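Working notes, beginning with the structure itself.
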Amino acid sequence: MPMPKKVLLTSVCRPIGPDCGDAPSVGYELLHRQVTRAQGIFSPRTVNAHFSLEYIAENLDAPTTVLQYPSERELIRELRKGYDYVGVSFLMAVMHRMKDTVALIRKHSPHSRIVLGGYGTILKDEELLPYADHICREEGVAWFRRLLGEPDIPKPYKHPLLVSWLRIFGWKVSGTGKILAGLGCPNGCDFCCTSHFFSRRHIQLLPSGRDIYALVERYLDLHPGLVFLILDEDFLLNRRRAMEFRDCVLEGGRDVSVFCFSSVKAISQYTVEEILEMGIDGFWIGYEGTRSGYAKQQGRPVQEILTEFREHGITVLTSMIVGFDYQNREVVAAELDALLQLKPALGQYLIYGPVPGTPFYERIIRDNRLQDVYTSDRDLFYRRADGFRTMIKHPTLSPEEIEDLQRWCFEQDFQRLGPSLFRVIEAWLLGFRRLKDSPNPALRRKAAFYAREMRKSYPVFLAGRLFGPNRPIRRWIADLERQVHAELGTPTPLERAQSLAALGAAAWTAITLRLNLFQHPRLTRTTYRWPEKRWAAFHLWEELRQHNPFPNLSVHVDLQHARKQVWLRLEGVLSAQDAHGFGQRLRDSLARSRARLVLDLQNLHWDRVENLEGLRQTLAAYRSRVRLVLPQIAAAHPEVLLLAAMFQTYHG
């Protein structure tokens with residue numbers, strides 16, 4: 001039997017960012033680099049990993065390692081372990097970093113075949129083939145499996161549980177479960193790389209609303225307090241899938257908080273109540289420009305949508321473009337003023353830029369409107385094509401004027417509306433007041449969610465009152481604090497102490513930003529299907545599902561590689577005889593590995609449980625490595641009480 005191919009998937013090497021000579025928006029954080037970049041200490045911080053690499057790795061058969069932002073030394077150390085294929089994910093603005101990474105691969109692992117992937121591969125073969133043996137320009141799982149000679153697998157693919165953590169003043173405040181629901185977008189805006197990369201096709205990775213909700217439940221079982229980001233270019237465009245997701249959320253009865261991307265065109269298909277019933281309380285919406293004329297902007301007036309959303313507690317991130325041909329200083333100022341009057345929670349302002357493969361790029365090249373410096377220096381063009389440089393010849397504005405206007409937009413957003421953190425809290429307050437007495441139980445649950453989130457925010461108000469960008473904003477923050485306290489109660493002594501601690505954390509954040517300290521993440525390394533000592537015999541866990549001899553019991557296996565943890569979800573009936581036999585198989589798997597086991601018993605038919613003593617006895621020797629997930633309705637069952645007394649309950 002031939003040895004399986006070994007695969008390494010990696011991002012480009014750190015450090016990256018403007019302090020390292022890269023373009024202004026290049027870095028590890030979308031919010032801090034592209035959205036809240038003018039907000040200083042109030043900018044929320046979260047590292048955006050290359051989630052697609054983890055997704056591909058989860059769905060291969062080959063032993064695979066994923067590196068997120070390795071240093072050159074860390075990459076070299078990994079390469080020396082010997083890989084048949086090394087995949088590098090990159091964007092066009094870090095093409096020079098990709099070249100450096102490829103040079104390291106060729107030097108330290110010359111026999112490895114190099115695969116380039118990511119949206120940087122929208123460039124033509126003649127640009128990329130000097131640095132690659134293979135180029136992936138399609139959905140990555142199916143493409144990589146063909147490359148490795150592995151058989152096709154159906155969608156939905158296995159979805160890894162990918163959690164990122166949001167920090168304010170360095171404090172971890174919330175976790176976000178990433179849901180990769182689809183690729184591509186049929187809207188086809190002329191500047192949009194992600195739409196034209198897939199030829200305006202939408203590829204559903206999670207084809208149904210029930211598929212999406214099943215993943216939400218997996219995340220909530222892992223971390224009950226998670227919120228969710230659905231990664232799909234225009235999630236609400238497919239009404240059938242979205243409404244099926246809504247039905248599942250209502251049926252499940254769990255608190256769900258979702259942020260997603262959508263357009264005015266798609267949103268106009270729904271009432272605000274339907275949107276809230278899906279659990280959606282955050283949107284990224286393309287405002288673009290009042291005369292941009294994109295099809296996705298057709299529908300209800302954007303002013304009406306944003307006002308209604310804010311009144312119902314839905315936070316909105318709007319994206320506006322600077323540099324359309326029709327714009328001059330006065331037009332940009334008028335469009336920004338109209339947008340800021342709607343008080344979006346967050347705002348992104350990017351320069352209209354031509355990306356190869358898009359209609360806008362083709363038009364700019366055809367009309368000879370690319371700035372001469374970029375026509376003669378393609379590497380410089382790629383390096384600066386990040387939405388913060390003017391690449392084209394504008395009819396009335398110089399490159400410097402457009403870039404000054406962009407900086408002005410970000411600064412006005414912050415100075416006039418204040419930190420996004422407090423704008424979100426204000427939207428929650430409005431939504432809480434609107435929904436707390438609703439006859440709809442789903443909307444009352446959403447109001448309760450807003451209340452919990454506002455209560456958690458108590459410690460940040462003091463820093464806002466002292467460090468806000470100007471006197472009117474500081475007064476507004478103080479008034480907002482009084483209104484929140486009037487609704488939810490005054491701070492406890494602990495919350496007052498936390499406010500003082502937050503003040504110190506904010507001051508420390510200011511120091512780290514000023515001195516550029518601790519601004520780069522550490523390496524994240526995840527292995528999949530490697531026979532490591534702690535993670536050996538993982539195939540035995542898969543065999544529990546593939547060769548299940550218990551006719552009334554369904555076994556779902558989730559190998560959580562990053563945690564070296566196995567999540568087993570049992571559904572159906574577990575008789576006394578089956579409990580003993582199943583316990584023996586679990587014991588054998590635990591004996592041959594050092595993996596932790598989470599045994600999820602929520603979906604067993606508790607009214608028909610005969611005897612779990614066999615399961616309890618066979619697993620007793622491994623009690624330190626076993627955690628239980630139990631349903632509330634079964635808490636009083638005598639067998640469950642015995643299990644709970646022996647094994648700890650899983651808390652995430």
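The values are calculated or read from the model by the stated rules, or taken from the named source; none is laboratory data. The structure presented is a predicted model; accordingly, all values stated were derived computationally and were not measured. Neighbour counts run over all protein chains shown; Cβ positions are idealised from the backbone, glycine included. Accessible surface areas use protein heavy atoms only, side chains included; no ligands, DNA or RNA. Shrake-Rupley method; radii C 1.70, N 1.55, O 1.52, S 1.80 Å.
Can you run the Rg to Rh ratio on the range 108-153? Use alpha carbon positions and the Kirkwood inverse-distance Rh. When Rh is taken as the Kirkwood radius, the ratio is 1.00.
Taking 4.7 Å between C-beta atoms as the pairing limit, the chain has these partnerless cysteines: Cys13, Cys20, Cys136, Cys185, Cys193, Cys248, Cys260, Cys409.
Scalar couplings 3J(HN,Hα) for the range 284-292, obtained by applying the Karplus form with A = 6.51, B = -1.76, C = 1.60 to θ = phi - 60°, are 10, 10, x, 6, 6, x, 5, 10, 6 Hz; x denotes Gly and Pro.
Rg/Rh for the range 1-160 stands at 0.98; both radii use Cα atoms, and Rh follows the Kirkwood definition. Peptides 420-428, 111-119 ranked from most to least packed, by the mean per-residue count of other Cβ atoms within 10 Å: 420-428, 111-119.
For Gln602, the residues 5 or more places off, or on other chains, whose built amide H falls under 5 Å of its own are Leu570.
Based on alpha-carbon centroids, what's the gap between the range 1-70 and the range 409-446 in Å, whole number please? What the calculation gives is 31 Å, centre to centre.
Hey, how many Å between the Cα centroid of the range 544-603 and the Cα centroid of the range 315-368? Between the Cα centre of the range 544-603 and that of the range 315-368, the gap is 53 Å.
Taking the DSSP beta bridges with both ends in the chain, the antiparallel portion is around 30 percent.
Across all Cα atoms of the range 323-395, the radius of gyration (one decimal) and Dmax (whole number) stand at 14.3, 43 Å. Looking at the square roots a ≥ b ≥ c of the eigenvalues of the Cα gyration tensor of the range 322-363, which shape do they give, rounded for a/c under 1.5, prolate if a/b is larger than b/c, or oblate? Oblate, since a/c reaches 1.5 and b/c is not below a/b.
Give me the tail of P(r) for the chain as a percent: Cα-Cα pairs with distance above 38 Å. Walk me through the numbers on the way to the answer.
Numbers: 82982 of 212226 pairs.
Within the chain, distances greater than 38 Å cover 39 percent of Cα pairs.
Sorted by accessible area (1.4 Å probe), largest first, how do Trp284, Trp567 line up?
On the way: Trp284 40, Trp567 5 Å².
Correct descending sequence by accessible area is Trp284, Trp567.
Computed over the chain, the per-residue total of -39500 (n - 2.57) for DSSP H runs of n ≥ 4 gives a 222 nm mean residue ellipticity of -12500 deg cm²/dmol, rounded to 500. Between amide H atoms placed 1.01 Å from N, distances below 5 Å from Glu29 occur with Asn48, all of them 5 or more places distant or on a separate chain. In the structure shown, the pairs Lys99/Lys124; Lys172/Lys564; Lys81/Lys107; Lys155/Lys296; Lys296/Lys343; Lys158/Lys265 are assessed against 25 Å; a Cα-Cα span above that value is assigned to Lys155/Lys296; Lys158/Lys265.
Dividing the Cα radius of gyration by the Kirkwood radius, what Rg/Rh value follows for the range 414-511?
Values: Rg = 14.2 Å, Rh = 14.1 Å.
Rg/Rh for the range 414-511 comes to 1.01.
Rounded, prolate or oblate: which one fits the range 432-576, using the alpha carbon gyration tensor with axes a ≥ b ≥ c (rounded when a/c is under 1.5, else prolate when a/b beats b/c, else oblate)? In terms of gyration-tensor shape, oblate.
Averaged over its residues, the range 104-262 has an accessible area of 41 Å² per residue, based on protein heavy atoms and a 1.4 Å probe.
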